[in-house]
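*Asks:* The structure that follows is given in the form of structure tokens.
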Amino acid sequence: MKATKKIGIFDSGYGGLTILSSLIKELPDYDYIYLGDNARTPYGTRSFETIYKYSLQATKKLFEMDCQIIIFACNTASAKALRSIQQNDLPKIDSTYRVLGVIRPSVEEIENLTQTNHVGILGTTGTVKSMSYPIEIKKLYPHIKVSQQACPMWVPLVENREYNTEGGKFFIQKSIEKLLSEDKKIDTIILGCTHYPIIEDIIKQYIPENIKLISQGSIIAESFKDYLRRHPEFESLCSKNSSVQFYTTESNKGFEENAGVFLNKKIYANTLVLG
Ligand code: DGL
């Protein structure tokens, strides 16, 4: 059978680009379709029902566009919608399709990262409230203490490119200080939102040097590479022309400009409607 299938990457906006970049670096041959729901970002402050509805719409759209596997490059969608979609919707849509998230692979890495066994998670309100990180970490590594801090301003700061302002930096510093004041023994902080690596240079300014700051990109790329190795039945369906198509639910011109800055190269995008 001819390999025609693409790999779908979905996020509420620009954050998934940080995952896409790492995937392209690690697995350059495959064909990717990126979908950012920029018109409805941020997801992090929305209800479970809304995040589930939006994520399911994006999932169906990417399957229609010939994706066999979709990566939710969004912690909020991974925390709030992934399991329901995997268990309830995929069997009805097509049981050979797959949707993968970013939380579990990140959690699996945690033990290799911390020495004090005190870890901090920065994420959206939705991710933090879902308790996905503490629950998953407890299952695998019950000896690790987890502190979390929601950063509700950070995604809007990235989406609007307002992070490099005095006001933007104020909110960034405030959330970091809150997290660090909760547990003085934290030696590792996971950026549990795919938007945050875009502002990593600013975040670093407020984090003591002895604390490791972990972005998910390379973790997800490594884990997905391993997934394809373990699933040749899916890998063999994926086409390999090293292409990336970009779709947004907002203006394609705005997306091209901002994504171009975040990816450091010129890109072309199309607008589509979800729902
Ligand atoms: N990139 C998404 C995440 O990883 C941001 C969600 C949002 O839109 O608030 O959680």
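No value in this document is a laboratory result; all are computed from the given coordinates. Remember, it's a predicted structure, so these values are computed and weren't measured experimentally. We place every Cβ from the backbone using ideal geometry, glycine too, and count neighbours over all the protein chains shown.
*Asks:* Between Lys92 and Lys240, what length comes free when the chain is fully extended (0.36 nm per residue of separation minus the Cα-Cα distance, one decimal in nm)? If you can, show how the numbers build up before the last one.
*Replies:* Details: separation 148, 0.36 × 148 = 53.28 nm, distance 2.82 nm.
Contour length minus Cα-Cα distance gives 50.5 nm.
*Asks:* Can you sort Tyr52, Tyr268 from fewest to most other Cβ atoms within 10 Å of each residue's own Cβ?
*Replies:* Numbers: Tyr52 20, Tyr268 12.
Neighbour counts put them in this order, fewest first: Tyr268, Tyr52.
*Asks:* Sum up the charges of everything whose Cβ sits under 14 Å from the Cβ of Lys184, counting Lys and Arg as +1 and Asp and Glu as -1, but leave Lys184 out. Let's see the in-between values first.
*Replies:* Numbers: positive: Lys145, Lys178, Lys185; negative: Glu177, Glu182, Asp183, Asp187.
Charge balance near Lys184 sits at -1.
*Asks:* What's the ranking of 60-70, 180-190 by average number of surrounding C-beta atoms within 10 Å, highest first?
*Replies:* Values: 60-70: 19.1, 180-190: 17.1.
Descending packing order for the listed peptides: 60-70, 180-190.
*Asks:* If you don't mind, another one. Tell me, Lys6, Lys240 in order of fewest to most beta-carbon neighbours within 10 Å?
*Replies:* Lys240, Lys6
*Asks:* Give me the lysines in straight-line cross-link reach of Lys145: C-alpha distance below 21 Å, same-chain residues under 8 apart excluded.
*Replies:* Within the straight-line limit of under 21 Å, Lys145 reaches these lysines: Lys129, Lys178, Lys184, Lys185, Lys212.
*Asks:* While we're here: Could you work out the pair-distance distribution P(r) of the chain from its alpha-carbon pairs, with 10 angstrom bin width and percents rounded to whole numbers?
*Replies:* Binned Cα distances yield the sequence 7, 31, 37, 20, 5, 0.
*Asks:* At q = 0.17, 0.18, 0.20, 0.26 Å⁻¹, what is the log10 ratio I(q)/I(0) for region 89-154, with the Debye formula run over Cα points and no solvent?
*Replies:* Taking Cα atoms of region 89-154 as identical point scatterers yields -0.68, -0.73, -0.82, -1.10.
*Asks:* Same structure again: Any lysines with Cα under 19 Å of the Lys60 Cα? List them, leaving off those in the same chain fewer than 8 positions away.
*Replies:* Partners within reach: Lys5, Lys6, Lys80, Lys92.
*Asks:* Modelling each spin label as a point 7 Å along the Cα-to-Cβ direction, I'd like the Phe48/Asn160 distance in nm, to one decimal.
*Replies:* Using points 7 Å along Cα→Cβ, the separation is 3.0 nm.
*Asks:* How far is helix 16-26 tilted off the main Cα axis of the chain, in degrees rounded to 10, range 0 to 90?
*Replies:* Around 70 degrees separate the two axes.
*Asks:* Over the alpha-carbon set of region 189-246, work out the extent along each principal axis and list the three values in angstrom, largest first.
*Replies:* If we take the Cα atoms of region 189-246, the spans are 45, 26, 15 Å.
*Asks:* Applying a 10 Å radius around every beta-carbon, put 118-125, 33-40, 136-143 in order of their mean neighbour count, most first. Each step should come with its number before you reach the end.
*Replies:* On the way: 118-125: 24.8, 33-40: 22.8, 136-143: 13.6.
Order by mean packing, descending: 118-125, 33-40, 136-143.
*Asks:* Which net charge results when you count Lys and Arg as +1 and Asp and Glu as -1 among the other residues whose beta-carbon is under 14 Å from that of Gln148? Don't skip to the end; give the middle numbers.
*Replies:* Values: positive: Lys129, Lys138, Lys145, Lys178; negative: Glu136, Glu182, Asp183.
My count for the surroundings of Gln148 gives +1.
*Asks:* Give me the percent of Cα-Cα pairs in region 1-52 that sit more than 15 Å apart, rounded to a whole number. Don't skip to the end; give the middle numbers.
*Replies:* Working: 726 of 1326 pairs.
In whole percent, the share of Cα-Cα pairs in region 1-52 beyond 15 Å is 55.
*Asks:* Please identify the GluC sites (Glu not before Pro) of region 205-272 that satisfy two criteria: DSSP loop assignment and at most 14 other Cβ atoms within 10 Å. Which are they? Let's see the in-between values first.
*Replies:* Numbers: sites: Glu209, Glu222, Glu233, Glu235, Glu250, Glu256, Glu257; in loops: Glu209, Glu250.
The qualifying sites are Glu209.
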